[in-house]
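Colleague: Would you mind keeping the following structure in view while I ask a few things?
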Amino acid sequence: MRRHQLLAVLVAFLAVAAIVGCATPDQPRPADLPDFYLNPPVAEDAFYGVGSAQMASLDNSRRMALSRAREDIAFQIQASVEAAIIDYSQEAGADDNTQVLQFVETISRQITDTTLNGIRTEEVAQSDDGTMYALVSLPMNNFGDAAADAFSRNEDAAFSQFQAQQALEYLDSQLEEDPPQSSPVEE
């Protein structure tokens, strides 16, 4: 059974490596990137959000940049984050003939469901390549009672926390019953 698990982990590792290898590299930063995009204002009386978009039409680019800036504020106010990290490592061998197999997988999903009233467009800029950048703000006085609702603990959050605790207890019990062992590699 251990051999099948090791094979499954190795296949998964190779699949992840292939996907990562095919990922596009980071694009260079445009020279005319507005300052507010990487360094949005910080204030005690407002939330600020930024967004960018490069669409086929100027109007769609502007609308999408503003939409993403509003989304940025929504995630600052309330975000439900689900994440899992799988970390597997095995070392086997003796003396100078040791082999190490490592596998790490990270999965994350962030969701927000927030109603924002009173968002103001502070600035919109267009770069030479056609990308639109937007800066929006939400004054704190418009935030009011919505903040209390956004941060209140609800039943869904409590159930998610309960499920996470059960998963950790299950992992602990599995490790107690069948602790990880390293076995020599046969040649």
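Every number in this text was worked out from the coordinates using simple rules, so none of it is lab data. The structure displayed is predicted, hence computed values, not measured ones. Because the Cβ atoms are built from the backbone with ideal geometry, glycine has one as well, and the counts that use them run over all protein chains shown.
Colleague: At 0.36 nm per residue, and after removing the present C-alpha to C-alpha distance, how many nm does the segment from Ser89 to Phe162 gain when stretched out fully?
Modeller: 23.5 nm
Colleague: What are the residues whose amide H is under 5 Å from the amide H of Glu123, where those residues sit 5 or more places off or on another chain and H is modelled from the backbone?
Modeller: The list, which skips near neighbours in sequence, is Leu135.
Colleague: Compute the distribution of all C-alpha to C-alpha distances in the stretch 51-144, in bins of 5 Å from 0, and list the percent of pairs in each, rounded to whole numbers.
Modeller: Once binned at 5 Å, the Cα pair distances of the stretch 51-144 give 3, 11, 15, 12, 11, 10, 9, 6, 5, 5, 5, 4, 2, 0.
Colleague: Same structure, new question: In what sequence do Tyr133, Tyr37 fall when counting other Cβ within 10 Å, fewest first?
Modeller: In order of increasing Cβ crowding within 10 Å: Tyr37, Tyr133.
Colleague: Next question, about the same structure. At Glu123 and Glu177, where each label point lies 7 Å from the Cα along Cα→Cβ, what is the point-to-point distance in nanometres?
Modeller: My value for the distance between the label points is 5.9 nm.
Colleague: Please list, in chain and number order, the residues 5+ apart from Ala46 or on another chain whose amide H is under 5 Å from its amide H, with Hs placed from the backbone.
Modeller: It is Met140, by chain and number.
Colleague: Given an 8 Å cut-off on Cα distances and at least 6 residues of separation, report the relative contact order of the stretch 42-88 as a percent.
Modeller: Reported as a whole number, the value is 35 percent.
Colleague: With labels modelled as points extended 7 Å from the Cα through the Cβ direction, what inter-label distance (nm, one decimal) is found for Asp113 paired with Thr98?
Modeller: Placing both labels 7 Å along Cα→Cβ, they lie 5.0 nm apart.
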